[in-house]
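The values are calculated or read from the model by the stated rules, or taken from the named source; none is laboratory data. Model, not experiment: these values are computed from the prediction. Neighbour counts run over all protein chains shown; Cβ positions are idealised from the backbone, glycine included. Side chains included, ligands, DNA and RNA excluded: accessible areas come from the protein's heavy atoms. Shrake-Rupley method; radii C 1.70, N 1.55, O 1.52, S 1.80 Å.
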Amino acid sequence: GDLGVYPGTDAPGPRPAATLSAAKSRIFYHTVVDDSYGGQGLAAVLTKQALGETVAEGLAIVPVCPYVKLWVRKNDDYASDVVTVKPEHLQALAALGGK
C-alpha cells in the first residue's frame, strides 16, 4: 500500500487527517490543526474533504483517529463507506513505527 500521509500534510497551518492507504482502504489515524487555527471548525472541514476524496478514489474509510471516528458517527454521509477497524489496520500502522 501507499505508506504515508494524506496529500498536503507538509504545508504549514491546518492539515487534513494523516492517513495510510492499504488494501482498498484509507486509514485515518491522526487529525492535525495547529493551535493558532483552533476553534474555527477547520478539523471538520478538512475531515469532510479528506473523506470525500477517499470515497471518490474508491477507498473505504478506516477511522482509527478518535476525531474522525466521532465525525463519521455524527455525519452519516459516509456511513456506507466506513469499515470497522481490524487488527490488520492496526498492524499496518504499527509498521509505520507506532504513529
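Computed values, structure above
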| read-out | value |
| --- | --- |
| Criterion violated by ALA17 - all others in (1) outside any helix (DSSP H, G or I); (2) under 23 Å from PRO87 (Cβ atoms); (3) at pLDDT 85 or above; (4) of a type outside the set (S, T, N, Q) satisfied | (3) |
| Selected residue (criterion: modelled with the highest pLDDT) from residues of the stretch 62-99 that are of a type in the set (Lys, Arg) and not in a helix (DSSP H, G or I) | LYS86 |
| Condition broken by LEU59, with the remaining ones in (1) over 14 Å from the mean Cα position of the chain (by Cα); (2) modelled with pLDDT of 85 or more; (3) within 14 Å of ALA92 (Cβ to Cβ); (4) not aromatic (Phe, Trp, Tyr) satisfied | (1) |
| Selection from the stretch 58-73 of residues that are at negative phi and either in contact with an Asp or Glu (Cβ under 7 Å, 6 or more places away or on another chain) or open to solvent by 50 Å² or more (accessible area, probe 1.4 Å) (or both) | ALA60, ILE61, PRO66, TYR67, LYS69, LEU70, ARG73 |
| Where THR47 falls short, out of the listed (1) surrounded by fewer than 19 Cβ atoms within 10 Å (Cβ to Cβ); (2) in contact with a Phe, Trp or Tyr (Cβ under 8 Å, 6 or more places away or on another chain); (3) β-branched (Val, Ile, Thr) | (1) |
| Unmet criterion (only one of (1) open to solvent by 30 Å² or more (accessible area, probe 1.4 Å); (2) in contact with a helix residue (DSSP H, G or I) (Cβ under 6 Å, 6 or more places away or on another chain); (3) assigned to a strand (DSSP E or B); (4) not polar (S, T, N, Q)) for VAL55 | (3) |
| Which numbered condition GLY39 fails, given (1) without any contact (Cβ under 8 Å) to a residue 12 or more places away in the chain; (2) part of a helix (DSSP H, G or I) | (2) |
| Residue match in the stretch 74-95 (condition: touching a Ser or Thr at 6+ places or on another chain (Cβ under 8 Å), surrounded by 14 or more Cβ atoms within 10 Å (Cβ to Cβ) and either in contact (Cβ under 8 Å) with a residue 60 or more places away in the chain or of a type in the set (Phe, Trp, Tyr) (or both)) | yes |
